[in-house]
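One structure is given below, encoded as C-alpha coordinates.
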Amino acid sequence: METGRTEHHPSDALPADEQSHLLPGTRYWVAALVQMNTEKKVGALLGKLGYDHYIPTQTEIRQWSDRKKKIEKVVIPMIVFISVNPEEVKRLRTLSSIHRFISYPGEREPAVIPNEQIENLKFMLHHADSAVEFSETVYEIGEEIEIVRGPLKGLYGELCYVEKGNPKLGVYVELLGYSYVNVDMKDVKARK
(Lines give C-alpha, C1' and ligand atoms only; values in the text may rest on other atoms or scores of the structure.)
Protein backbone atom coordinates (compact mmCIF):
# COMPACT_ATOMS: atom_id res chain seq x y z
CA MET A 1 0.00 0.00 0.00
CA GLU A 2 1.43 3.37 -0.98
CA THR A 3 1.27 5.89 1.85
CA GLY A 4 2.89 8.87 0.22
CA ARG A 5 5.48 8.91 2.99
CA THR A 6 9.13 9.45 2.19
CA GLU A 7 12.02 7.70 3.86
CA HIS A 8 14.52 9.84 5.72
CA HIS A 9 17.97 9.04 6.95
CA PRO A 10 19.22 10.48 10.27
CA SER A 11 21.66 12.61 8.29
CA ASP A 12 18.64 14.48 6.81
CA ALA A 13 18.67 16.81 9.85
CA LEU A 14 19.95 20.24 8.93
CA PRO A 15 23.77 20.35 9.08
CA ALA A 16 25.20 22.49 11.88
CA ASP A 17 26.53 25.15 9.47
CA GLU A 18 23.03 25.63 7.98
CA GLN A 19 21.40 25.89 11.41
CA SER A 20 23.27 29.06 12.29
CA HIS A 21 21.11 30.86 9.72
CA LEU A 22 17.77 29.98 11.30
CA LEU A 23 15.18 32.68 10.84
CA PRO A 24 14.05 34.42 14.03
CA GLY A 25 10.37 33.81 14.68
CA THR A 26 10.28 30.63 12.55
CA ARG A 27 9.43 27.42 14.41
CA TYR A 28 11.68 24.36 14.32
CA TRP A 29 11.59 20.95 16.02
CA VAL A 30 14.36 20.20 18.51
CA ALA A 31 14.90 17.25 20.87
CA ALA A 32 15.22 17.89 24.61
CA LEU A 33 16.88 15.40 26.93
CA VAL A 34 14.90 14.94 30.15
CA GLN A 35 15.20 12.72 33.21
CA MET A 36 14.18 9.06 32.76
CA ASN A 37 10.42 8.45 33.19
CA THR A 38 9.56 12.18 33.30
CA GLU A 39 8.74 12.64 29.61
CA LYS A 40 4.99 13.00 30.19
CA LYS A 41 5.43 15.35 33.17
CA VAL A 42 7.75 17.55 31.12
CA GLY A 43 5.24 17.43 28.26
CA ALA A 44 2.45 18.58 30.61
CA LEU A 45 4.65 21.46 31.83
CA LEU A 46 5.50 22.48 28.27
CA GLY A 47 1.80 22.40 27.40
CA LYS A 48 0.99 24.69 30.35
CA LEU A 49 3.71 27.06 29.15
CA GLY A 50 2.15 27.10 25.65
CA TYR A 51 4.77 25.07 23.77
CA ASP A 52 3.86 22.64 21.01
CA HIS A 53 5.60 19.37 21.89
CA TYR A 54 5.57 15.71 20.93
CA ILE A 55 6.36 12.61 22.98
CA PRO A 56 6.45 9.49 20.77
CA THR A 57 4.27 6.88 22.50
CA GLN A 58 2.55 3.69 21.51
CA THR A 59 -0.31 1.84 23.20
CA GLU A 60 0.76 -1.48 24.64
CA ILE A 61 -1.23 -4.10 26.53
CA ARG A 62 0.54 -5.31 29.68
CA GLN A 63 -0.43 -8.63 31.20
CA TRP A 64 -0.37 -9.13 34.96
CA SER A 65 -1.42 -12.34 36.69
CA ASP A 66 -4.88 -10.96 37.47
CA ARG A 67 -5.53 -8.39 34.75
CA LYS A 68 -4.58 -6.72 31.48
CA LYS A 69 -3.98 -3.01 31.19
CA LYS A 70 -3.43 -0.64 28.26
CA ILE A 71 -0.47 1.69 28.79
CA GLU A 72 1.12 4.40 26.70
CA LYS A 73 4.77 3.33 26.30
CA VAL A 74 7.35 6.00 25.50
CA VAL A 75 9.18 4.86 22.35
CA ILE A 76 12.27 7.10 22.67
CA PRO A 77 13.12 7.27 26.38
CA MET A 78 14.27 10.58 27.85
CA ILE A 79 13.41 12.61 24.71
CA VAL A 80 10.72 15.25 24.25
CA PHE A 81 10.43 16.99 20.88
CA ILE A 82 9.60 20.70 21.12
CA SER A 83 8.59 23.13 18.38
CA VAL A 84 10.46 26.37 19.11
CA ASN A 85 11.85 29.48 17.54
CA PRO A 86 15.48 30.42 18.23
CA GLU A 87 14.50 32.97 20.92
CA GLU A 88 12.51 30.39 22.91
CA VAL A 89 15.46 28.02 23.25
CA LYS A 90 17.12 30.44 25.70
CA ARG A 91 14.02 30.45 27.92
CA LEU A 92 13.68 26.67 27.79
CA ARG A 93 17.31 26.22 28.90
CA THR A 94 16.29 27.71 32.25
CA LEU A 95 13.79 24.90 32.97
CA SER A 96 15.26 22.45 35.48
CA SER A 97 13.29 19.58 33.90
CA ILE A 98 15.24 19.91 30.61
CA HIS A 99 18.80 18.68 31.04
CA ARG A 100 19.97 19.81 27.61
CA PHE A 101 19.08 19.88 23.94
CA ILE A 102 20.44 17.27 21.56
CA SER A 103 23.04 18.92 19.34
CA TYR A 104 25.80 18.04 16.92
CA PRO A 105 29.20 17.28 18.50
CA GLY A 106 30.98 20.50 19.38
CA GLU A 107 27.87 22.63 18.83
CA ARG A 108 25.92 24.49 21.51
CA GLU A 109 22.76 25.14 19.51
CA PRO A 110 20.16 22.35 19.32
CA ALA A 111 20.06 20.23 16.18
CA VAL A 112 17.01 21.02 14.05
CA ILE A 113 14.84 18.01 13.21
CA PRO A 114 12.96 18.37 9.93
CA ASN A 115 9.19 18.54 10.29
CA GLU A 116 8.80 15.65 7.81
CA GLN A 117 10.71 13.33 10.16
CA ILE A 118 8.42 14.22 13.08
CA GLU A 119 5.34 13.72 10.87
CA ASN A 120 6.65 10.35 9.60
CA LEU A 121 7.30 9.21 13.18
CA LYS A 122 3.77 10.21 14.19
CA PHE A 123 2.32 8.41 11.17
CA MET A 124 4.30 5.23 11.87
CA LEU A 125 3.33 5.14 15.55
CA HIS A 126 -0.32 5.79 14.78
CA HIS A 127 -0.66 3.18 12.03
CA ALA A 128 1.79 0.40 12.97
CA ASP A 129 0.26 -3.01 13.64
CA SER A 130 3.17 -4.10 15.84
CA ALA A 131 5.43 -2.50 18.41
CA VAL A 132 7.70 0.22 17.06
CA GLU A 133 11.23 0.14 18.41
CA PHE A 134 13.90 2.76 18.11
CA SER A 135 17.55 2.15 17.29
CA GLU A 136 20.36 4.64 16.86
CA THR A 137 22.14 2.26 14.51
CA VAL A 138 21.50 2.59 10.80
CA TYR A 139 22.25 -0.48 8.68
CA GLU A 140 22.54 -0.33 4.92
CA ILE A 141 21.25 -2.97 2.52
CA GLY A 142 24.25 -5.15 1.66
CA GLU A 143 26.01 -4.49 4.97
CA GLU A 144 27.51 -7.49 6.81
CA ILE A 145 25.68 -8.03 10.09
CA GLU A 146 25.90 -10.62 12.84
CA ILE A 147 23.18 -11.89 15.16
CA VAL A 148 24.35 -11.35 18.76
CA ARG A 149 21.33 -12.64 20.74
CA GLY A 150 18.75 -15.37 20.46
CA PRO A 151 18.76 -18.86 18.98
CA LEU A 152 20.69 -17.73 15.86
CA LYS A 153 23.48 -16.04 17.84
CA GLY A 154 26.74 -16.14 15.89
CA LEU A 155 25.09 -16.33 12.46
CA TYR A 156 26.38 -13.67 10.13
CA GLY A 157 25.57 -12.61 6.64
CA GLU A 158 24.34 -9.71 4.57
CA LEU A 159 21.31 -7.52 5.21
CA CYS A 160 19.40 -8.49 2.05
CA TYR A 161 16.35 -6.31 2.21
CA VAL A 162 13.65 -4.97 4.43
CA GLU A 163 10.11 -5.84 3.42
CA LYS A 164 7.27 -4.14 5.29
CA GLY A 165 9.50 -3.62 8.33
CA ASN A 166 10.81 -7.19 8.33
CA PRO A 167 14.60 -7.12 7.88
CA LYS A 168 16.08 -10.22 6.27
CA LEU A 169 19.53 -11.60 6.98
CA GLY A 170 20.83 -13.50 3.98
CA VAL A 171 23.51 -16.17 3.84
CA TYR A 172 24.95 -16.48 0.36
CA VAL A 173 25.48 -19.91 -1.15
CA GLU A 174 27.89 -19.65 -4.10
CA LEU A 175 26.13 -20.02 -7.48
CA LEU A 176 22.76 -20.72 -5.86
CA GLY A 177 21.78 -17.46 -4.17
CA TYR A 178 20.68 -16.49 -0.68
CA SER A 179 18.92 -18.28 2.09
CA TYR A 180 17.41 -15.70 4.38
CA VAL A 181 15.69 -15.34 7.72
CA ASN A 182 13.72 -12.55 9.42
CA VAL A 183 15.80 -10.86 12.11
CA ASP A 184 15.06 -8.46 14.92
CA MET A 185 17.33 -5.44 14.45
CA LYS A 186 17.93 -5.13 18.20
CA ASP A 187 19.61 -8.56 18.03
CA VAL A 188 22.18 -7.66 15.37
CA LYS A 189 25.39 -5.65 15.09
CA ALA A 190 27.58 -4.62 12.20
CA ARG A 191 30.25 -7.21 11.45
CA LYS A 192 33.80 -5.87 11.30
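Look at the stretch 46-58 and say how many of its residues are assigned to a helix (DSSP H, G or I) and either of a type in the set (D, E, K, R) or buried (at least 16 other Cβ atoms within 10 Å of the Cβ) (or both). Break it down stepwise before answering.
Our first condition is that a residue be assigned to a helix (DSSP H, G or I); within the stretch 46-58, this holds for 46-48.
Checking which are either of a type in the set (D, E, K, R) or buried (at least 16 other Cβ atoms within 10 Å of the Cβ) (or both) leaves us with 46, 48.
Residues that pass the stated criteria total 2.
Just to verify a result, which residue in the stretch 59-70, among those that are assigned to a strand (DSSP E or B) and charged (D, E, K, R), is nearest to residue 121 (Cα to Cα)?
Among them, the one singled out is 60.
For the stretch 28-67, enumerate the residues that are among the basic types (Lys, Arg) and closer than 14 Å to residue 92 by Cα.
Within the stretch 28-67, the subset among the basic types (Lys, Arg) is 40-41, 48, 62, 67.
Hit for the stretch 28-67 is 48, nothing else.
Just a yes or no: is a residue in the stretch 88-96 of a type in the set (S, T, N, Q), more than 10 Å from residue 29 (Cα to Cα) and modelled with pLDDT of 90 or more?
Within the stretch 88-96, the first condition is being of a type in the set (S, T, N, Q), and the residues that meet it are 94, 96.
Next, from what is left, pick out any that are more than 10 Å from residue 29 (Cα to Cα): 94, 96.
Subsequent filtering for residues that are modelled with pLDDT of 90 or more retains 94, 96.
Yes, the stretch 88-96 has at least one match.
Checking residue 73 against (1) farther than 29 Å from residue 131 by Cα; (2) assigned to a strand (DSSP E or B); (3) not aromatic (Phe, Trp, Tyr), which test does it fail?
The failed condition is (1).
What number of residues within the stretch 88-120 satisfy the criterion of being outside any loop (DSSP other than H, G, I, E, B), over 14 Å from the mean Cα position of the chain (by Cα) and surrounded by 15 or more Cβ atoms within 10 Å (Cβ to Cβ)?
5
If we keep just the residues of the stretch 17-35 that are in a loop (DSSP other than H, G, I, E, B) and among the aliphatic types (A, V, I, L, M), which is modelled with the lowest pLDDT? Step through it out loud before you land on a result.
From the stretch 17-35, those in a loop (DSSP other than H, G, I, E, B) are 20-27, 35; that's our starting set.
Filter once more, so that each one left must be among the aliphatic types (A, V, I, L, M): 22-23.
On the way: 22: 66, 23: 74.
Checking each candidate, the answer is 22.
Search the stretch 99-155 for residues being out of contact with any strand residue (DSSP E or B) (no Cβ under 7 Å at 6 or more places or on another chain) and hydroxyl-bearing (Ser, Thr, Tyr), and hand back the single one that is farthest from residue 79 (Cα to Cα).
The residue in question is 130.
I need the full set of residues from the stretch 59-85 which are surrounded by 17 or more Cβ atoms within 10 Å (Cβ to Cβ) and touching a Gly at 6+ places or on another chain (Cβ under 8 Å), in order please.
Scanning the stretch 59-85 gives a single hit, 80.
The values are calculated or read from the model by the stated rules, or taken from the named source; none is laboratory data. Computed from a predicted structure; not experimentally measured. Positions of Cβ are backbone-derived with ideal geometry, glycine not excepted, and every protein chain shown enters the neighbour counts.
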